[in-house]
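Written out below as structure tokens is the structure these notes cover.
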Amino acid sequence: MNNYKINKNKPSIGTEQVLKHKDFNKVLHEYKGLYNYKNATKPFYKNVKFLGFIVLVCTVALVVMVVDREESEEPKEEKKKEEVIKQVPATVTPVIADTTTKVTTEEAAIVSKKKEPKKSVVKKNSHTIIKEDSSSLEIPNKPQTSMPVQETKGKPKTKAEVKNNKDLIYQKNMEDLEKELMERHKARDLE
Amino acid sequence: MALTTHQTKEEIEQELLIIERARKNPERFAPLYDKYYKLIFLFIHRRTDEEELSADLTSQVFLKAIVNLPGYQFKGFPFSAWLFRIAINEINQFFRNKKSSRAISLEDAGIDRLREELDESSQHTEEQERLLMESFTFLEQDEVQLLELRFFEDRAFKEVGYLLGVTENNAKVKTYRVLDKVKRIMKEQRRK
């Protein structure tokens with residue numbers, strides 16, 4: 001037997017009594033509290049924002065790794081190119097200053113004809129001067145390995161740039177040589 | 001007071017529009033709260049017979065309604081039916097936990113309907129009524145609930161089925177089984 005409280009024809013509760021308990025704000029407040037609580041207790045691995053963040057971090061890390069690897073491979077290729085450039089023998093023809101230099105073309109021709117040095121060898125400023133007597137001079141060959149090539153960072157220089165650079169250095173050496181020749185000419189005149 | 005609501009198609013559509021807004025913003029639930037508060041309160045009060053307890057359970061019903069509103073689907077019944085369903089679950093849960101005595105509110109109209117089904121309409125005596133009252137004490141809570149919904153609140157079997165989470169036919173079958181049980185109990189009581 002169950003214990004029920006049986007009410008027969010009992011008048012229902014009045015409207016005023018019912019409405020005094022009516023409070024939607026209370027229900028809404030409870031809902032907000034419950035909603036926050038549910039959010040707080042949600043496991044982090046089920047949180048969509050958390051998972052999204054993890055995916056984002058992984059993607060960024062992957063991109064950084066790929067970029068790093070590409071950058072580390074680039075310098076090796078540059079070194080290889082530089083080595084190849086150094087190994088290639090220089091084919092640049094000697095540049096002799098025209099009007100500005102005091103060395104004439106005839107003198108340059110005479111100097112170039114004397115190939116084999118006979119006596120003293122003088123080294124000066126990365127070019128060689130071979131001395132037989134006061135008139136014997138040799139224009140040094142274009143420097144090959146000793147020629148300073150500017151270190152390039154990042155973008156490698158083009159072949160034309162390298163060639164121009166070599167020409168300038170060679171021209172500079174020639175100017176030094178011309179000065180020396182001039183000094184010797186003066187010395188000879190004085191004698 | 002009638003605890004059932006009969007709505008036109010327009011009213012139902014308007015209600016669905018409010019529900020759709022309330023899904024996005026719970027503060028928009030206020031019109032439905034105002035509309036159904038008294039109905040749900042009285043529904044609960046008939047089964048608890050305690051004002052404060054009824055107020056608490058009513059608040060719980062609306063709270064659960066707001067929380068579960070995103071999962072609400074219109075199945076051909078007014079929104080109030082969904083609220084009654086939540087209320088039934090809340091009442092059952094409360095009495096399961098507290099084990100306090102449940103109230104059964106009976107009116108003459110409901111008793112007459114029940115007696116008609118029991119073929120006891122020939123004579124309306126105090127003895128018959130006493131036996132009927134006694135028979136309720138032998139019934140389980142879910143059985144009492146079926147009789148309440150069908151005879152004392154005058155609901156259709158379809159709605160009874162929806163409220164109890166069973167099909168219409170199942171609700172019919174269960175109701176007539178309970179009626180047979182009541183008949184049996186009354187016979188036994190008469191013999192005694």
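The values are calculated or read from the model by the stated rules, or taken from the named source; none is laboratory data. None of these values were measured; they are calculated from a predicted model. Positions of Cβ are backbone-derived with ideal geometry, glycine not excepted, and every protein chain shown enters the neighbour counts.
Quick notes on this one:
- Whenever a residue of the stretch B:130-146 is at negative phi, its partners that are surrounded by fewer than 16 Cβ atoms within 10 Å (Cβ to Cβ) and part of a helix (DSSP H, G or I), lying with C-beta atoms within less than 6 angstrom and at least six residues away or across chains, give the pairs B:LEU131/B:GLN189; B:GLU134/B:GLN189.
- Subset of the stretch B:171-185 (residues that are surrounded by 19 or more Cβ atoms within 10 Å (Cβ to Cβ) and in contact with a Ser or Thr (Cβ under 9 Å, 6 or more places away or on another chain)): B:VAL182
- B:PHE79 more than 13 Å from chain A (Cβ to nearest Cβ), closer than 23 Å to B:ALA55 by Cα and crowded, with 18+ Cβ neighbours inside 10 Å: yes
- For B:PHE95: the one exception among (1) under 22 Å from B:ARG150 (Cβ atoms); (2) buried (at least 17 other Cβ atoms within 10 Å of the Cβ); (3) within 14 Å of another protein chain (Cβ to nearest Cβ); (4) touching a helix residue (DSSP H, G or I) at 6+ places or on another chain (Cβ under 9 Å): (2)
- From the list B:GLU27, B:GLU11, the lone residue that is of a type in the set (D, E, K, R), part of a helix (DSSP H, G or I) and away from every other protein chain (no Cβ under 11 Å) is B:GLU11.
- Residue count for the stretch B:135-157 satisfying the condition of being more than 25 Å from B:PHE94 (Cβ to Cβ) and buried (at least 16 other Cβ atoms within 10 Å of the Cβ): 1.
- Test: B:GLN60 is away from every other protein chain (no Cβ under 13 Å) and either in a helix (DSSP H, G or I) or in contact with a helix residue (DSSP H, G or I) (Cβ under 8 Å, 6 or more places away or on another chain) (or both): no
- When the stretch B:78-134 is filtered for residues that are part of a helix (DSSP H, G or I), of a type in the set (A, V, I, L, M) and modelled with pLDDT under 90, the ones remaining, listed by number, are B:ALA109, B:ILE111, B:LEU114, B:LEU131, B:LEU132, B:MET133.
- Yes/no for B:GLU168 being within 14 Å of another protein chain (Cβ to nearest Cβ), more than 19 Å from A:ASN3 (Cβ to Cβ), of a type outside the set (Lys, Arg) and surrounded by 13 or more Cβ atoms within 10 Å (Cβ to Cβ): no
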